[in-house]
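The next block holds one structure in the form of structure tokens; read it before the comments.
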Amino acid sequence: MTIEQVAQILNAEFVCCEENKHNEVHSACGSDMMSDVLAYVKDQSVLITGLCNPQVVRTAEMMDMVCIVFVRGKRPSDEAIALAQQKGLVMMTTQHRMFSACGLLYSAGLIAGESC
Amino acid sequence: MEHLHLEYDVDGNNFVSAGQATENVKFCLKGLGVNPQDIRRIAIAMYEGEINMVIHANGGKAIADIYLDKIVVQLIDSGEGIANIEQAMQPGFSTATEDIRSLGFGAGMGLPNMKKYTDDFAIESTLGVGTKITLTVKF
Ligand SMILES: Nc1ncnc2c1ncn2[C@@H]1O[C@H](COP(=O)(O)OP(=O)(O)OP(=O)(O)O)[C@@H](O)[C@H]1O
Ligand SMILES: [Mg+2]
């Protein structure tokens, strides 16, 4: 699916880099602990999280992820937004909680990234 | 040129800038045309190390040496040191405070990740003196 479809499924609002919404994404990872995200090196393109600090963007960048979804209506910090803009990383925020956001995307066909 | 030598000061009082050294190294490796999978392995390991220096050791130094066939990264700090390295290497072991956990760190996965993603991982630590970690990824 595309990033735009992710936004539609989650009824999410773009925070930055909406211009990259036509990029394709296949797999996702949901966590509030960054080292958990970093523990699976396989290609994952979407990070679903409730954390809003700039290290979320750095973590996504290390993993070559292209999109971050913030759950529970959270908005990333200004520093996080500035960093994401530099990298063209799409960010969006949804009112859904972590469990439903993951569930909705999973049923729509996004898969989990696996360990190597 | 025989190899590329990069040095960075990792600021222990700046959580926001943590990871900048790794980002810079990643950028260089991309420019050199290194395989993306290898870039990601060293990026994850070095980033975990950089974050550790910021949250557990009040900062330190990151040194990267890039050769044709490998990268060697040294992370050197003068923090408290690690009392029991074997215990610190266990997945899930962490001394991180609730404050650090609320920033998304403290799962106790950093050191195990560093070992898992590198071809060679060496750690030396002395209580009260500091910690030195050497990471090698072969291309
Ligand atoms: N550079 C360091 N200086 C002093 N202690 C360290 C250093 N690096 C790691 N440690 C100690 O080893 C423990 C385990 O480190 P590890 O990176 O595996 O987990 P963590 O940093 O606590 O959590 P995570 O990496 O999952 O965010 C830390 O909690 C800390 O006590
Ligand atoms: Mg760590």
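The values are calculated or read from the model by the stated rules, or taken from the named source; none is laboratory data. None of these values were measured; they are calculated from a predicted model. Backbone-built Cβ (ideal geometry, glycine too); neighbour counts: all protein chains shown. All accessible areas refer to the heavy atoms of the entire protein, side chains included, with ligands and DNA or RNA removed. Shrake-Rupley method; radii C 1.70, N 1.55, O 1.52, S 1.80 Å.
Could you tell me the relative contact order of the stretch A:3-107? Use alpha-carbon pairs under 8 Å, at least six residues apart, and round to a whole percent.
33
Measuring from label point to label point, each 7 Å out along Cα→Cβ, what is the B:N58 to B:N84 span in nm?
Here the answer is 2.5 nm between the modelled labels.
For the stretch A:2-116, with equal point scatterers placed on the C-alpha atoms only and solvent neglected, what are the log10 I(q)/I(0) values from the Debye formula at q = 0.14, 0.19 1/Å, to two decimals?
Scattering profile of the stretch A:2-116, log10 relative to I(0): -0.46, -0.90.
Where in the stretch B:8-27 does accessible area fall by at least 20 Å² between the isolated chain and the complete protein assembly, at a 1.4 Å probe radius?
SASA drop of 20 Å² or more in the stretch B:8-27: B:F15, B:V16, B:E23, B:K26.
Run the accessible area of the protein assembly as shown with a 1.4 Å probe and give the carbon-and-sulfur part as a rounded percent. Please report the intermediate quantities before stating the final value.
On the way: 5800 of 11790 Å².
Here it works out to 49 percent.
If the cut-off is a Cα-Cα distance under 20 Å, which aspartates and glutamates reach B:K70, setting aside same-chain residues fewer than 8 apart in sequence?
B:E2, B:E7, B:E23, B:D38, B:E48, B:E50, B:D119, B:D120
I want to check the label-to-label distance for A:M1 and A:D36. Put each point 7 Å from Cα in the C-beta direction and report it in nm to one decimal.
Distance between label points: 2.1 nm.
Compute and list, largest first, the equivalent-ellipsoid semi-axes of the protein assembly as shown from the alpha carbon gyration tensor, each √(5λ) rounded to a whole angstrom. Spell out each step's value before the answer.
Values: eigenvalues 189, 82, 52 Å².
Three semi-axes, in Å: 31, 20, 16.
Report the gain in length on full extension from A:E13 to A:A108: 0.36 nm times residue separation, minus Cα-Cα distance, nm rounded to one decimal.
Numbers: separation 95, 0.36 × 95 = 34.20 nm, distance 1.85 nm.
Taking A:E13 through A:A108 to full extension adds about 32.3 nm, to one decimal.
When the helices in chain A are scored as -39500 (n - 2.57) per DSSP H run of 4 or longer and the sum is shared across all residues, what 222 nm value do you end up with, to the nearest 500 deg cm²/dmol? Show your work: numbers first, answer last.
On the way: 5 runs with 42 residues, N = 116.
Value at 222 nm, helices only: -10000 deg cm²/dmol.
Ratio of alpha-carbon Rg to the 2.2 N^0.38 Å globular estimate for the stretch B:4-138, to two decimals, please. It would help to have the intermediate numbers written out before the result.
On the way: Rg = 14.0 Å, N = 135, 2.2 N^0.38 = 14.2 Å.
Expressed relative to 2.2 N^0.38 Å, the Cα Rg reads 0.99.
Under a Cβ-only charge scheme (Lys and Arg +1, Asp and Glu -1), can you give me the dipole magnitude of the protein assembly as shown about the Cα centre, in debye to the nearest 20?
Value, rounded to 20: 480 debye.
Work out which residues of the stretch B:97-129 lose at minimum 10 square angstrom of accessible surface when the other protein chains are put back, relative to the chain isolated, with a 1.4 angstrom probe, and list them by number.
Buried on complex formation: B:R101, B:S102, B:L103, B:G104, B:F105, B:A107, B:M109, B:N113, B:K116, B:Y117.
In the structure shown, do any of B:K61/B:K138; B:K61/B:K115; A:K87/B:K132 have a Cα-Cα gap over 26 Å, and if so which?
Numbers: B:K61/B:K138 22 Å; B:K61/B:K115 19 Å; A:K87/B:K132 31 Å.
Over 26 Å apart, Cα to Cα: A:K87/B:K132.
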